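Everything below concerns the one structure shown next.
The values are calculated or read from the model by the stated rules, or taken from the named source; none is laboratory data. Given the structure is predicted, the values throughout are model-derived calculations rather than measurements. Cβ: placed from backbone, ideal geometry, glycine included. Neighbour counts: every protein chain shown. Accessible surface is based on the protein model in full, side chains and every heavy atom, while ligands, DNA and RNA are left aside. Shrake-Rupley method; radii C 1.70, N 1.55, O 1.52, S 1.80 Å.
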Amino acid sequence: MKKSSSIFDAIILGAGGAGMMCAAVAGQRGRNVLLIELADEPGKKILISGGGRCNFTNLETSPERYLSANPHFAKSALHRYTPQDFIALVERHHIAWHEKTLGQLFCDGSAKQIVAMLLDECAKGKVELRLERDISDVTHADGIFRVSCGDESATAPALVIATGGQSIPKMGATGFAYELARKFGLKVVEPRPALVPLTLGGDETLFRSLSGVSADVIARCGNAKFHEAALFTHKGLSGPAILQISSYWTRGQEIGIDFFPTAEPGWLVDAKRAQPRIALRTVLAQTLPSRLAETLSARTGLDGEMANIPDAKLEQAEHQLADWKFNPNGTEGFAKAEVTIGGISTHGLSSQSMEAKSVSGLYAIGEAVDVTGWLGGYNFQWAWASGWAAGQTL
Ligand SMILES: Cc1cc2nc3c(=O)[nH]c(=O)nc-3n(C[C@H](O)[C@H](O)[C@H](O)COP(=O)(O)OP(=O)(O)OC[C@H]3O[C@@H](n4cnc5c(N)ncnc54)[C@H](O)[C@@H]3O)c2cc1C
């Protein structure tokens, strides 16, 4: 910002995916837009996403794949800016992409291409991008917002909060969005880490010795379930199935793991008939990694040859293995969370424009808002869709 105050049509705080999309759309609609970023480069989370290839959307996007205190809120924006819209943008920029699995789309090359694309779109909209700006104050009087960074300031009749959630504090993530929202009287749904590894304690610390072992499982918590890989870590549980279920988990709840998601009912008794002379752990190891098979069979307490284990005990073991209860004692926290669940309450926002109902000209978009997607490109699709919705209205 210039030493003297500068005047814009809109000021967007945060040059992440949501902020850049919003700025580009509003700029290309002829708005004079200032985009302010704390970091020394825009889109840092895009750059590290998807192992450097950015899982930029998901073909299966639908509102049911998002968590929010108001599950209907995301419908309008997701419906109006779809994965196909983003794919069309990516293709206009000649970025090659592929579907990896489960509708997840990645760049063939690098996430840098997505940042370059968004910056190019911002340039087309003559967006002014200011990096390394530490916001010291935001005020609102007579319908005008003033954003100050030390002795510099800028004003506009519209202000967009796009500063993201709290995950990965070492990349500069803070609770800035929530503080600002509260300052303007908006409510905040308690932010907590999501898409995050779970930790095991007590008796279950024994499972830590399986660190590095993974298996195809169904993970369940309440009514939610995910059929993907789970991974044992030196702190507890991770892998896509666990990250997904972590968004539904709250402290004190059990997680159920089905270690044999494709087995037919009665399969252990059938295995006894087919291979009476082998041990249970050997049967389990025909599907699971041997270290995991050994730990699970030891915990069932069923020793010796299958032939000597009564059918009823095998049926009991089958049920146990299909719904193995874990009692996580926590998560690995914001340091390891891919996203923040909770955030600026959607009750105070218009689902059409993302504008605050009580403060004309104030908007909130992206991860800062209480809308959290599943793992697999859903969170970027929300960033694009909510940014686009606000950009259409600014
Ligand atoms: C390791 C990792 C991998 C991920 N991979 C994927 C993936 O492949 N697919 C997917 O869909 N999602 C992925 N996500 C989630 C996704 O990155 C976020 O949901 C998405 O980036 C949110 O976009 P946003 O613009 O709302 O917020 P952010 O991307 O967090 O952007 C917010 C911006 O605001 C800036 N900012 C913060 N405070 C201030 C301030 N006070 N003043 C000015 N600027 C400020 C930040 O520096 C940042 O640039 C991943 C997340 C992580 C951590």
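Looking at the P(r) of the stretch 147-292, how many percent of alpha-carbon pairs lie beyond 20 Å? For the stretch 147-292, the fraction of Cα-Cα distances above 20 Å is 64 percent. Using a probe of 1.4 Å on the protein chains alone, the accessible area found for Arg220 is around 80 Å².
Can you send over the carbon and sulfur percentage of the accessible area for the stretch 114-226, probe radius 1.4 Å, protein chains only?
50 percent
Extension gain for the segment Asp137 to Lys170, taken as residue separation times 0.36 nm less the Cα-Cα distance, is 9.6 nm to one decimal. The charge dipole of the chain, taken about the Cα centre with unit charges on the Cβ atoms of Lys, Arg (+1) and Asp, Glu (-1), comes to about 440 debye, rounded to the nearest 20. A 1.4 Å probe run over the protein chains yields, for the chain, 43 Å² of accessible area per residue, whole-number rounding. The label-point distance for Asn327 and Glu60, in a model that sets each label 7 Å from Cα toward Cβ, rounds to 3.2 nm.
Note the per residue figure in Å³ for the convex hull of the C-alpha positions in the stretch 318-375. Display every interim value, and only then the final one.
Working: hull volume 8.6 nm³, N = 58.
In the stretch 318-375, the Cα hull volume divided by residue count equals 147 Å³.
Within the shell defined by Cβ-Cβ distances under 14 Å, the residues around Pro157 carry a net charge of -1, with Lys and Arg each +1 and Asp and Glu each -1. By the helix-only formula, in which each DSSP H run with n ≥ 4 contributes -39500 (n - 2.57) and the sum is divided by residues, the chain has a 222 nm mean residue ellipticity of -8000 deg cm²/dmol. Working note: Karplus 6.51/-1.76/1.60 with θ = phi - 60° gives the stretch 197-204 the couplings x, 9, 9, 10, x, x, 4, 7 Hz, where Gly and Pro are set to x.
Accessible surface of the stretch 265-317, 1.4 Å probe: 48 percent of it comes from carbon and sulfur atoms. Tell me the trypsin sites (Lys or Arg not before Pro) within the stretch 1-103 that lie in a loop according to DSSP and have at most 15 other beta-carbon atoms within 10 Å. Here the sparse-neighbourhood loop sites are Lys2, Lys3, Arg29, Lys100. Taking the three principal axes of the alpha carbon atoms in the chain, the coordinate ranges are 85, 41, 34 Å, sorted in descending order.
Rounded to the nearest Hz, the phi-derived 3J(HN,Hα) couplings of the stretch 377-394 under the Karplus curve 6.51 cos²θ - 1.76 cosθ + 1.60 (θ = phi - 60°) are x, 5, 6, 5, 4, 5, 4, 5, 5, 6, x, 5, 4, 5, x, 6, 9, 3, where x marks glycine and proline. For the stretch 88-103 versus the stretch 306-324, the spacing of their alpha-carbon centroids is 47 Å.
Step by step: find N for the stretch 275-394, compute 2.2 N^0.38 Å, then divide the Cα radius of gyration by it. What's the final number?
Working: Rg = 25.2 Å, N = 120, 2.2 N^0.38 = 13.6 Å.
Compactness ratio reported: 1.86.
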